[in-house]
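Chemist: Sharing a structure here in structure tokens format.
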Amino acid sequence: TDAKCFNLMNDENSLFNRNDELLPSSFAMYARTLLTEKERNVIIPGCGNGADALFFAGENYNVLAISEVEEDIKYLNQHHKYFKNIRFLYADHTQLLNESILYDMVYSRSVLNKLSDEEQNQLLRWSYRHLKNGARLCIETSGKIKPAIDTATTPQQTKDNFHLRAIDFKALCTQLENLGFNLDFAKEEKLFSPHKSEEETLIRIVARKKQ
């Protein structure tokens, strides 16, 4: 599992790189291998440009992809109407309503580091409530980013005009376990990228809701 989850750290579609061609990330391809034939419903809070959401839809999963950027959702709905098994929804993914449907996977990539502590708590609690027993929450996020903002509890602006918050790996693992998740996989690795500083890390977690 370790090798599969971290075997493409130099991938051009890694967490911090722009993905204009809508190619799926290596993490999406890994998460796909965790789903069984009977597990068909995937929700993606913070779907970004939609690349990973479209990948899951193309693999015949029922996908709800959420973004709080209205322009992105309008574009995705206009240009990807041919998929009948995906819905792009404009909503605040930290304030999701309680639903009767339970999901087979919550997929979160490059989201947590853009949320405040409280928003992260809200999203993780919602995820636990809306996963089926034994279903997975898959998380990929930056861990350590810049030493100057490592201790921030709300996203801080970077020189690239992104608002990011460093994630404490051990604290995140403890939070997930306290919510009732088992950690099937949890690892923090240095980012092997020529564009990033030596301090920066990537976190990947597969958390399973207890049966």
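The values are calculated or read from the model by the stated rules, or taken from the named source; none is laboratory data. Since we're looking at a predicted model, the values are computed, not measured. All Cβ positions, even for glycine, are placed from backbone atoms using ideal geometry, and neighbour counts span all protein chains on display. Protein only, heavy atoms only, side chains kept; ligands, DNA and RNA dropped before computing areas. Shrake-Rupley method; radii C 1.70, N 1.55, O 1.52, S 1.80 Å.
Chemist: Does the range 93-105 hold any residues that are modelled with pLDDT under 90 and either open to solvent by 20 Å² or more (accessible area, probe 1.4 Å) or of a type in the set (Val, Ile, Thr) (or both), and which are they? Break it down into steps so the answer makes sense when it comes.
Modeler: In the first step, residues of the range 93-105 are kept if they are modelled with pLDDT under 90; the result is 93-101.
Those that are modelled with pLDDT under 90 and either open to solvent by 20 Å² or more (accessible area, probe 1.4 Å) or of a type in the set (Val, Ile, Thr) (or both): Thr94, Gln95, Leu96, Leu97, Asn98, Glu99, Ser100, Ile101.
Chemist: Are there any pairs, at least 6 apart or on different chains, whose C-beta atoms fall under 6 Å, with the first in the range 113-142 and in contact (Cβ under 8 Å) with a residue 60 or more places away in the chain and the second open to solvent by less than 10 Å² (accessible area, probe 1.4 Å) and assigned to a helix (DSSP H, G or I), and if so, which?
Modeler: If the second residue must be open to solvent by less than 10 Å² (accessible area, probe 1.4 Å) and assigned to a helix (DSSP H, G or I), the pairs left are Leu137/Ser127; Cys138/Ala31; Glu140/Phe27; Thr141/Leu112; Thr141/Asn113; Ser142/Asn113.
Chemist: Further, regarding this structure: Which of the residues spanning the range 110-125 are in contact with a strand residue (DSSP E or B) (Cβ under 8 Å, 6 or more places away or on another chain) and part of a loop (DSSP other than H, G, I, E, B)? Quick ask: steps written out before the conclusion?
Modeler: Within the range 110-125, the subset in contact with a strand residue (DSSP E or B) (Cβ under 8 Å, 6 or more places away or on another chain) is 110-114, 123-124.
Ser110, Val111 - these are the residues of the range 110-125 that are in contact with a strand residue (DSSP E or B) (Cβ under 8 Å, 6 or more places away or on another chain) and part of a loop (DSSP other than H, G, I, E, B).
Chemist: Right, next: Scan the range 114-127 for residues that are surrounded by fewer than 20 Cβ atoms within 10 Å (Cβ to Cβ) and among the polar types (S, T, N, Q) and jot them down.
Modeler: Our first condition is that a residue be surrounded by fewer than 20 Cβ atoms within 10 Å (Cβ to Cβ); within the range 114-127, this holds for 114, 116-119, 121-122, 125.
If the condition is that a residue be surrounded by fewer than 20 Cβ atoms within 10 Å (Cβ to Cβ) and among the polar types (S, T, N, Q), then Ser116, Asn121, Gln122 are the ones that fit.
Chemist: So Tyr90 clears everything in (1) within 15 Å of Leu22 (Cβ to Cβ); (2) in contact (Cβ under 8 Å) with a residue 12 or more places away in the chain; (3) open to solvent by 70 Å² or more (accessible area, probe 1.4 Å); (4) hydroxyl-bearing (Ser, Thr, Tyr) except one condition, right? Which one?
Modeler: (1)
Chemist: Pairs needed: first member in the range 17-31, aliphatic (A, V, I, L, M); second member anywhere, at pLDDT 90 or above and open to solvent by 30 Å² or more (accessible area, probe 1.4 Å); C-beta distance under 6 Å; at least 6 residues apart or different chains.
Modeler: From residues that are aliphatic (A, V, I, L, M), the pairs are Ala28/Phe55.
Chemist: Have a look at Tyr75, Tyr128, Tyr82, Tyr107 and point out the one that is in a strand (DSSP E or B) and of a type outside the set (A, V, I, L, M). Walk me through it before giving the result.
Modeler: Details: Tyr75 fails: in a strand (DSSP E or B); Tyr128 fails: in a strand (DSSP E or B); Tyr82 fails: in a strand (DSSP E or B).
Tyr107 is the lone residue from the list that is in a strand (DSSP E or B) and of a type outside the set (A, V, I, L, M).
Chemist: Across the range 144-172, what is the number of residues that are modelled with pLDDT of 90 or more, in contact with a Ser or Thr (Cβ under 8 Å, 6 or more places away or on another chain) and in a loop (DSSP other than H, G, I, E, B)? Before you say what the answer is, go through the steps one by one.
Modeler: Here is the first cut: in the range 144-172, the residues modelled with pLDDT of 90 or more are 167-172.
Right, trim to in contact with a Ser or Thr (Cβ under 8 Å, 6 or more places away or on another chain) and you get 167, 169.
Pick out the ones that are also in a loop (DSSP other than H, G, I, E, B) and you get 167.
Residues that pass the stated criteria total 1.
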